[in-house]
Each structure stands twice: as structure tokens, then as C-alpha cells.
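Structure first, then comments.
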Amino acid sequence: MRFWKPIFVHNSGLPKLLSWFSPICIGAITLGFVVVADHEMSEETLRHETIHFQQFLEMGFLFFIFVYMWDWVWGCIKYKDPSLSYYMIRAEREAHKNDKDPNYLKNRVRYEWLFKDDDPLVWLLKRKVENDSKRFRIRFGRRFYNPDH
Ligand SMILES: [Zn+2]
């Protein structure tokens with residue numbers, strides 16, 4: 001199961017549609033066994049979404065969504081910032097922290113993301129600032145941008 005990969009669907013209209021209901025602009029999303037993106041996914045995005053796919057295999061779809069939404073709602077209460085709360089979701093912390101490491105999926109420890117309480121604020125804020133500044137660029141139309149979530 002460790003080496004299972006989801007089915008990747010590139011260049012779909014679905015993420016844009018889902019972005020209307022989400023606090024962040026969705027470029028790619030894991031929905032059970034399928035990962036849907038509105039662009040051609042990079043290695044980093046494929047890895048990021050495969051990490052979510054592995055989390056989903058560990059939890060089952062409903063529990064995964066439940067824990068994901070629980071973390072987000074709790075984060076909104078705690079941080080009063082929907083976008084920061086997204087980066088504090090345990091599932092996203094694991095994915096954002098490790099999506100640049102090509103060996104991560106081989107060495108990943110099952111369920112660790114649920115219980116690990118590291119202090120992610122430094123690299124999370126760095127990632128948030130990078131993504132927010134890219135989003136700022138779309139608002140002013142300088143170039144098209146797909147953040148990878
Ligand atoms: Zn993600």
C-alpha cells in the first residue's frame with residue numbers, strides 16, 4: 001500500500017469550481033482514489049497529493065475529511081485566519097513540509113502526521129507568504145497561477 005498511487009487527472013475544471021467554496025484557491029485536490037488538478041501537475045504537486053492519498057488510505061475517506069475539517073474549523077477559532085488555519089491542518093502540515101523531498105514517500109511513517117506536534121510555524125508562514133504573494137499576482141493579472149493544494 002505504501003507504493004500505491006492515486007489516479008491523476010490533469011487540466012480539469014473541477015478545482016476551479018471547488019475554489020468557490022474554499023478559503024484557498026485550489027489548484028489540485030485529492031478525492032479518494034482520484035487526484036484532480038486544473039493544470040499539468042509538477043513532481044512536487046504529484047508528491048503532495050500522493051501524501052494526501054496515503055493519509056486517506058490510513059483513515060478512510062469519511063474520517064479523513066472529518067479530521068481535515070475538524071483541524072480547519074478548530075484553526076479558524078484559534079488563529080482567526082482561514083488561510084493560516086489551512087496551513088495548520090495536520091494533513092497539510094505533513095504534505096507541505098515533505099512535498100519537496102523525493103524520498104519522503106519511501107520512508108514515510110504511517111499515522112505519524114496525526115500525532116506529531118512539531119512547531120511548524122516558521123516554515124508554514126514562509127509557505128503562506130510565498131503562496132499569498134503568488135495569489136496577489138493573479139489578482140493584478142500579471143500571470144496565471146496555480147497554487148498546489
Ligand atoms: Zn494539501
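Bear in mind these aren't lab numbers, they're just calculated from the coordinates by the rules spelled out. The shown structure was predicted, so the numbers you read here are calculated from the model rather than taken from an experiment. Note that we place each Cβ from the backbone using ideal geometry, even for glycine, and neighbour counts take in every protein chain shown.
Out of all the residues in region 46-67, which are more than 17 Å from K5 (Cα to Cα) and in contact with a Lys or Arg (Cβ under 8 Å, 6 or more places away or on another chain)?
V67
Among the candidates A95, A91, single out the residue that is assigned to a helix (DSSP H, G or I), within 12 Å of the ligand (Cβ to nearest atom) and under 15 Å from K128 (Cβ atoms). If you could, list the steps in order and put the result at the bottom.
On the way: A91 fails: under 15 Å from K128 (Cβ atoms).
Just a single option satisfies the conditions, and that option is A95.
For region 63-84, indicate whether the set of residues that are surrounded by 13 or more Cβ atoms within 10 Å (Cβ to Cβ), in contact (Cβ under 8 Å) with a residue 60 or more places away in the chain, under 18 Å from K128 (Cα atoms) and away from the ligand (no atom under 12 Å from the Cβ) is non-empty.
Yes, because at least one residue in region 63-84 is surrounded by 13 or more Cβ atoms within 10 Å (Cβ to Cβ), in contact (Cβ under 8 Å) with a residue 60 or more places away in the chain, under 18 Å from K128 (Cα atoms) and away from the ligand (no atom under 12 Å from the Cβ).
Does P15 satisfy being in contact with a Cys (Cβ under 9 Å, 6 or more places away or on another chain), touching a residue at least 40 places away in the same chain (Cβ under 8 Å) and not β-branched (V, I, T)?
Against the criterion (in contact with a Cys (Cβ under 9 Å, 6 or more places away or on another chain), touching a residue at least 40 places away in the same chain (Cβ under 8 Å) and not β-branched (V, I, T)), P15 does not qualify.
Residues that are closer than 20 Å to E92 by Cα and under 15 Å from the mean Cα position of the chain (by Cα): list the strands (runs of 3 or more DSSP E) wholly contained in region 1-48 that include at least 2 such residues.
Correct list: 28-31, 34-37.
So which residues in region 42-62 are in contact with a Gly (Cβ under 6 Å, 6 or more places away or on another chain) and surrounded by 22 or more Cβ atoms within 10 Å (Cβ to Cβ), if there are any at all?
Across region 42-62, there are no qualifying residues.
Hey, can you tell me all the residues within region 1-40 that are aliphatic (A, V, I, L, M), crowded, with 19+ Cβ neighbours inside 10 Å and under 18 Å from Q54 (Cα atoms)?
A28, I29, V35, V36, A37
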